[in-house]
Structure formats: structure tokens, C-alpha cells
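Have a look at the structure below, then the notes.
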Amino acid sequence: MPFPRPRSLGGLIFLGLLLVSLPLLGGVVSAALEISRLADSSERLVLHGIQATRYTQALVRQVAAMERSARLYQLLGRPQLRGVFDENHRRMRVVLDGLAILPSDPTRDALVADIRARAQGIAESLGSQDVGSRAAALREFGTLSQDTGRLSLLASQQIDRELQGVRAETEQTRRRLLWQTAALVPISLGAAFTFALLLGRPLRDIDIAIANLGNGRLDQPVSVRALPTDLEALGRQIEWLRRRLLEVAEERERFLRHVSHELKTPLANIREGSELLIEGAVGSLRPEQREIADILRENSLRLQQLIENLLSYSEWQSKRGGLELSEFPLRPLVDSVTGSYQLRIAARRLRLEADIEDLTLNADRNKLKLILDNLLSNAVKFSPEGGVVALAARADGDELVLDVSDQGPGVAPADRGRIFEPFFQGATPQDGLVRGTGIGLSVVQEFAHAHGGRIQLIDDGIRGARFRLLLPMFRSGAGSTAQVVPQAVESRTS
């Protein structure tokens, strides 16, 4: 017959506590029985000691009384004194009968029989008419007194032996209880460990599943095998939730892809039209008309960058994109990215400071370009007019260290833990007509991770924000952890 499975977590906990406590309860009951047995042995020892002492003292008194009454009877010859002697003799026999019921001791029993026979012989000789027999009977009292003393000593020795037996039994019981405890503790620990495995493994699986859902790892199925059926039911509910979230995520990615692709064509027409106007394809423009055309061109470029970010994020989240590694110099890539921002930099009267070492990388050129584009776009967006945007790149061993900094408001303490989350936007107002989507820095983080690198927000005590990109120069990997270095800056929108 199969063992019934507990249906609830409470039932499993009760069963586990029962399994853990049963060996300990058995040990407690066994110890109680042993202690009760030792208590009974000690009680018998005390009772026998008291009885033996009482009987031997009474025997000594009765022998003395018999001797005194016998000598008086021998001296005076009165029948009343004979009656006193016979009464003392009867009382002595009663005492001897009491000694006989104590725990058996062959030596003592033989001595009691001798005393009984000697006392009987004295009584018979004392009733004789022969004066010599009476005198011999009186001399027997000396031997009888010695036998009584020996009997008292034997009683004491027997009590000592019983006491030693109780001590030996106590020591044996103590050792037995120690061995029993030594055996029960591992059994209880084993039961507790088994219970912890039965309870801890499904709880750990559930914890991992919830953590995966919270971190967006929806590609790992949830399977919970547990002794209580309600935990298995909870695992099935979490698996249903994972599948539902996966469906929602796929619908979101599909929507982003469709919307982004639908926007690219009209946006390209707007950008090309504004460029034709600026180039004078339809005639010279007045200064105010050129300013409007520049605004159209600049905002169309910003819209194009936002759409590219959406497409890159959607492609990467759907796991359709991978790294296309190639070896290329860093400086031309930086020049290409900064060149696309010359108009925006000039319009805001910003100063761009670039300190780029001659480095060669083995990375995905397009994704690194998108990383630089997003970091530089943020720096230009949040820099005040007349401010400085700084780019610096250097090698630190086998690692590229690239810093992008501005003199804007910085990142608020409440935002610094979330600026790399997708679609998160800080509280600082943005310049321009086009508001960001909040995925720029999340794209930077995803692509940095894909290269085995990381992105940091550095606190250098200077106004503004400084982002540091760390990438391996000659190897690729994934799984590095992005981090935000503690700082005291204000607010920024990715």
C-alpha cells in the first residue's frame, strides 16, 4: 500500500515535525523508564537498610534481655522470671523471622539459623534440673552475643554490596542513555535533513522561478516536484503565468517591430525633404525658413535614433540578434558618431572634447556604434547651452575604458537604481519636441553585457553625469553584471 502524500504544506510540516520528534520522544520515554527503575532500586536499598538496622538492633536488645532474665532466674529460681525469659525468647524469634524475609544472603541465613538453634538450646538447658546444664547455658550467651555482632556486620556488608550494585546499575544506565542519545540524535538530524530536502527543494524551485519571472527570463520552464500537492499546484500556476507573460512579451515585441517599421518610411521622407530644403534644391531659404528646416532635420534624426533603438531592443529581446565580431580601430568609429551630432552641438553652442587613444577592438561594430550613439545623445540632450561634452577612451590591460560625460543636471538618487531599466524615464524635463522612449541606456546595458562588459554611472564629485563603458578588447562574452556606482548626482532620462 503506497504511503499517502500530504496534500498541504501544513500537513508536510506536521509530518516532518512528527518524524523528527518521534526518536527524541522515544529517548525521553526510555530515559524516564530507566530513571524510574533506578529510583525503585534505590528505594528498595534504603528500605532494606532501615529494616536490617532495625532488626539487628532489636536482636541485640533481645539477647541482652534474655541473658538478664536467665541469670535472674538462675539466681532466684522464681517461675515469673522464667516467663520473662520465655517472652524475650519469643520476641527474639520474631526478630529472626523478620531478618529471614530480607534479600537472601547464604552467610547471613546460616548465621541466623545458628543463633536460632543456640537460643533454643539455651532455653532448653535453662529448664533442666541439672545445675551444670544451666551454668553451661549461661555461658552460651557470650557466644550468642558474638553471633549477634557478626550478624550486624553481615547486614552492613550486604547493604554496602547492594549500594555498589545500585551504583554499577546507575553507571550502566548512564552509558546506555548516552549511547541511546548518540544514536537518536543522528536519526533525528537525518529526519530533519530529509524533511528540509522535501520542503526546501520545491521552495527553492519556486523561488528561482519567481526570480526568473522578475528578471524577465521567460525562456526557462517552471517544473516543481514536491511532496505536498499544493506546492506542485503552485508550480503549475507559476508556469501558466510564465507562458502568459511570454505571450504578452511576444505581442509587445511584435507591436514594437511593426510600429517602428511603419514609421521608418515616412520619417525617411521627412528627413530627405528637410535636407533638400537646407541644400537649396527648391531655392534659397530665408534665415527663419532655414531655422525651421534645421529643426525638422534635427528632430527627424532624433526620431530615427529612437526608432533604431526600439528596433535594436526588440530584436535583442526576441533573441533573434547576435554579435557579429570583427576587428576595427576605435577612433574612426568615434569620429563617425560625433560627426552626426555636429549640427546639434553647434546649435546648442556645446564644446566637444575627445581624447581617444589609438585602439583596435574585436567587437560588434554596429552595436558598439549604437552604444556610443546613445551615450553621446544623452550627453548632448542634457548639457546646458555652452556646456562641455567629453569623450575619453583608453586601454586598461585587456579592457577598453570609455567615458562619456556632460555638465547637465546629473542623475537623481531616486533614479540611479533604475536608469538601466527598459522604458524608465527620469523626472528631468527634456529639450526638444521629441521625448525619449527610455530604452537608450537599457540598449547600452544589453549590448555591453553581450560583449562581456558592463556600464557604470560614475560619481566623480563634478556636476553632470559620467557613464563609463568597460569592454574586453579581444574577447567576447555574456553575463557580466551592470552596476551603478554610488554617487551624489541629480536626475537624467535615458
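The values are calculated or read from the model by the stated rules, or taken from the named source; none is laboratory data. Since the model is a prediction, treat every value here as computed from it, not as a measurement. We place every Cβ from the backbone using ideal geometry, glycine too, and count neighbours over all the protein chains shown. SASA here: full protein model, heavy atoms, side chains in, ligands and nucleic acids out. Shrake-Rupley method; radii C 1.70, N 1.55, O 1.52, S 1.80 Å.
Things worth noting here:
- Test: residue in the range 158-166 that is under 30 Å from S442 (Cβ atoms) and of a type in the set (K, R): no
- Residues (free of Cβ contacts under 8 Å to residues at least 24 places away in the same chain and closer than 26 Å to E251 by Cα) located in the range 220-238: Q220, P221, V222, S223, R236, Q237
- Here is the figure for the range 87-103: residues that are in a helix (DSSP H, G or I), without any contact (Cβ under 8 Å) to a residue 24 or more places away in the chain and open to solvent by 70 Å² or more (accessible area, probe 1.4 Å) total 3.
- Residue pairs whose Cβ atoms lie under 7 Å apart, sitting 6 or more positions apart in sequence or on different chains, and linking a residue in the range 154-167 that is over 13 Å from T53 (Cα atoms) to a partner that is aliphatic (A, V, I, L, M), are E162/L45; L163/L45; V166/L45.
- Every listed requirement among (1) over 30 Å from V185 (Cβ atoms); (2) modelled with pLDDT under 80; (3) in a helix (DSSP H, G or I) is met by S30 save one, (1).
- With a requirement of 1 or more residues that are among the small types (G, A, S) and in contact with a His (Cβ under 6 Å, 6 or more places away or on another chain), the strands (runs of 3 or more DSSP E) lying completely within the range 334-406 that satisfy it span 360-364.
- Filtered residues of the range 104-126 (kept if exposed (fewer than 14 other Cβ atoms within 10 Å of the Cβ) and closer than 18 Å to S69 by Cα): Q120, E124
- Test for Q146: is it over 40 Å from the mean Cα position of the chain (by Cα), in a helix (DSSP H, G or I), within 19 Å of L99 (Cα to Cα) and at pLDDT below 80: no
- Residue within the range 280-294 that is under 30 Å from S442 (Cα atoms) and open to solvent by 50 Å² or more (accessible area, probe 1.4 Å) present: yes
This table checks each residue for (1) open to solvent by 50 Å² or more (accessible area, probe 1.4 Å); (2) modelled with pLDDT of 90 or more; (3) under 48 Å from the mean Cα position of the chain (by Cα).
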{"position": "L303", "(1), (2), (3)": "yes, no, no"}
{"position": "D364", "(1), (2), (3)": "no, no, yes"}
{"position": "N374", "(1), (2), (3)": "no, no, yes"}
{"position": "S383", "(1), (2), (3)": "no, no, no"}
{"position": "R394", "(1), (2), (3)": "yes, yes, yes"}
{"position": "A412", "(1), (2), (3)": "no, no, yes"}
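- Among the residues making up the range 359-377, a single one is free of Cβ contacts under 8 Å to residues at least 40 places away in the same chain and of a type in the set (K, R): K369.
- Pairing residues of the range 346-358 that are closer than 27 Å to E291 by Cβ with residues that are open to solvent by 70 Å² or more (accessible area, probe 1.4 Å), at Cβ distances under 8 Å and at least 6 apart in sequence or on separate chains, gives R348/E385; R349/E385; L350/E385.
- Qualifying residue in the range 41-50 (condition: over 24 Å from L153 (Cβ atoms), open to solvent by 50 Å² or more (accessible area, probe 1.4 Å) and either of a type outside the set (F, W, Y) or under 38 Å from the mean Cα position of the chain (by Cα) (or both)): yes
- The condition of being in contact with a Pro (Cβ under 7 Å, 6 or more places away or on another chain), open to solvent by 70 Å² or more (accessible area, probe 1.4 Å) and either assigned to a helix (DSSP H, G or I) or of a type in the set (S, T, Y) (or both) holds for only one of I210, I187, that being I187.
- Within the set S312, S326, the sole residue that is under 30 Å from R217 (Cβ atoms), among the polar types (S, T, N, Q), open to solvent by 20 Å² or more (accessible area, probe 1.4 Å) and at pLDDT 85 or above turns out to be S326.
- Selection within the range 440-490 - in contact with a helix residue (DSSP H, G or I) (Cβ under 9 Å, 6 or more places away or on another chain) and modelled with pLDDT under 70: S476, G477, A478, G479, S480, T481, A482
- Hits in the range 41-63 - residues which are farther than 20 Å from S133 by Cα and aliphatic (A, V, I, L, M): L45, V46, L47, I50, A52, A58, L59, V60
- The lone criterion from (1) among the aliphatic types (A, V, I, L, M); (2) farther than 30 Å from G440 by Cβ; (3) open to solvent by 30 Å² or more (accessible area, probe 1.4 Å); (4) at pLDDT below 75 left unmet by L231 is number (3).
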